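The values are calculated or read from the model by the stated rules, or taken from the named source; none is laboratory data. Everything numeric here is computed off the predicted structure, so don't read it as measured data. Cβ atoms come from the backbone with ideal geometry, glycine included; neighbour counts cover every protein chain shown.
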Amino acid sequence: MGVEGIGASVKRKEDRRFITGKGRYVDDIKLVGLTHAHFIRSPHAHAKVKGIALSEAVKMPGVVAVLTGQQIVDDKVGNLICGWAITSKDGSPMKMGAWPAMAPETVRFVGQAVAVVIAETKNQAKDAAEAVVVDYEELEAVPDIPAAIKQGAPQLHPEAPGNVVYDWHIGDEAAVKGAFAKAANVVEMDLTNNRLAPNPMEPRSAIADYEAAEEHYTLYTTSQNPHVARLVLSAFYNIAPEHKLRVIAPDVGGGFGSKIYIYPEEMVALWASKKVGRPVKWTSDRTEAFLTDHHGRDHISKAEMAFDKDNKILGLRVKTHANFGAYMSLFSSAVPTYRRSGLSPSSATAR
């Protein structure tokens, strides 16, 4: 085959600028009038937000604004969505709770934002954040799947009774039951697919710039999926009409799936840019990344395989509990269902 065929050496187009230090990441972008955002985040896994005292913070040097979760709700910025609807085996739709960009009333994970400081410099924003006083009423929380589904466990979202979003299945349940009924031997195994946190070289970052003259927004973001980000931010989050929003993903320093989502910080930066009339920049630190980047896995499964007397496989049955965390993210519903079921033979049933 020719030089363009299978097995041919393909020159990398981006290496030169990377190895010579000429890459251009979100954190490298400088805009006139740029301000910096720092989020005030919950130290509690579950709590009511009873009040937020801002008076001292707004007087701090360099502070442009201090904005709260209630304000972004009042401005009718939409909640984050889950983009893949799952129907339970009884025909009912999945039961997911609302996820606001910043919590106005209730926080449901450590690190959830309740307010944001906008200041002239990053350090000034951090200093002012220390002066924001949040009055929390701490609520009972659960640390893992068994505790969350236990009878009488603390309820995270009123929309999801028993903390169950859906009870889904796939496969021929009757055929599998028949296979197990006539099996000579059945082997069982309990499997834990551990929770993991992504750790790309480049933390998440966003710069939002609102142009008042044309009512146009530009978002520079560390995204693996800028086209979907533009669609979702306009169609579902009510940030701006799609023709008034541009999303730019420059060089991205690793993603591993964690940068395919649309995050609250991007929404808040866009909204805040219009509120303060200046570009707003936010860059995650490693602690924020560990708390707020979308985690993966965290499944507990019981797998059973049925064999006949000659040790030929008759059927496979898998029951899985998947931990979605505090909220359903953009693609979370698909991971333990249609995406995961492809890893098992079609004769399996999965729940």
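Does at least one position in segment 278-296 carry a residue that is charged (D, E, K, R) and at positive phi? No, every residue in segment 278-296 fails to be charged (D, E, K, R) and at positive phi.
For SER205, the conditions (1) within 20 Å of TRP99 (Cβ to Cβ); (2) surrounded by 16 or more Cβ atoms within 10 Å (Cβ to Cβ) all hold with the exception of (1). MET189 meets all of the listed conditions (1) in a helix (DSSP H, G or I); (2) not assigned by TED's automatic domain parsing to the domain that holds TYR263 but one, namely (1).
Within segment 16-25, none of the residues are under 25 Å from the mean Cα position of the chain (by Cα), closer than 22 Å to THR287 by Cβ and not in a loop (DSSP other than H, G, I, E, B). Could you tell me whether ARG286 is surrounded by fewer than 19 Cβ atoms within 10 Å (Cβ to Cβ) and in the same structural domain as ALA98 (by TED's automatic domain parsing)? Considered against the rule, which asks whether it is surrounded by fewer than 19 Cβ atoms within 10 Å (Cβ to Cβ) and in the same structural domain as ALA98 (by TED's automatic domain parsing), ARG286 comes out as yes. Residues that are touching an Asp or Glu at 6+ places or on another chain (Cβ under 8 Å) number at least 3 in the following strands (runs of 3 or more DSSP E) confined to segment 26-101: 35-41, 47-53.
Residues in segment 234-283 that are over 21 Å from VAL32 (Cα atoms), hydrophobic (A, V, I, L, M, F, W, C), over 16 Å from the mean Cα position of the chain (by Cα) and surrounded by 15 or more Cβ atoms within 10 Å (Cβ to Cβ): ILE239, ALA240, VAL252.
Going through (1) part of a loop (DSSP other than H, G, I, E, B); (2) small (Gly, Ala, Ser); (3) in contact with a strand residue (DSSP E or B) (Cβ under 6 Å, 6 or more places away or on another chain) one by one, ALA129 falls short only on (1).
Determine whether segment 315-324 contains at least one residue that is of a type outside the set (Val, Ile, Thr), under 16 Å from the mean Cα position of the chain (by Cα) and assigned to a strand (DSSP E or B). Yes, some residue in segment 315-324 is of a type outside the set (Val, Ile, Thr), under 16 Å from the mean Cα position of the chain (by Cα) and assigned to a strand (DSSP E or B). Contact annotation: residue pairs with Cβ atoms under 7 Å, 6 or more positions apart or on different chains, pairing a residue in segment 222-246 that is assigned by TED's automatic domain parsing to the domain that holds GLY78 with a partner that is assigned to a helix (DSSP H, G or I) and hydroxyl-bearing (Ser, Thr, Tyr), are ALA240/SER234; PRO241/SER234; GLU242/SER234; LEU245/SER234. Among the residues making up segment 223-251, those that are closer than 15 Å to ALA206 by Cα and not aliphatic (A, V, I, L, M) are SER223, GLN224, ASN225, PRO226, ARG230, ARG246, PRO250, ASP251. Checking GLU159, GLU138, GLU173 one by one, the residue that is charged (D, E, K, R) and over 26 Å from the mean Cα position of the chain (by Cα) is GLU173 and no other. When the test is whether a residue is polar (S, T, N, Q) and on the phi > 0 side of the Ramachandran plot, ASN194 does not pass it.
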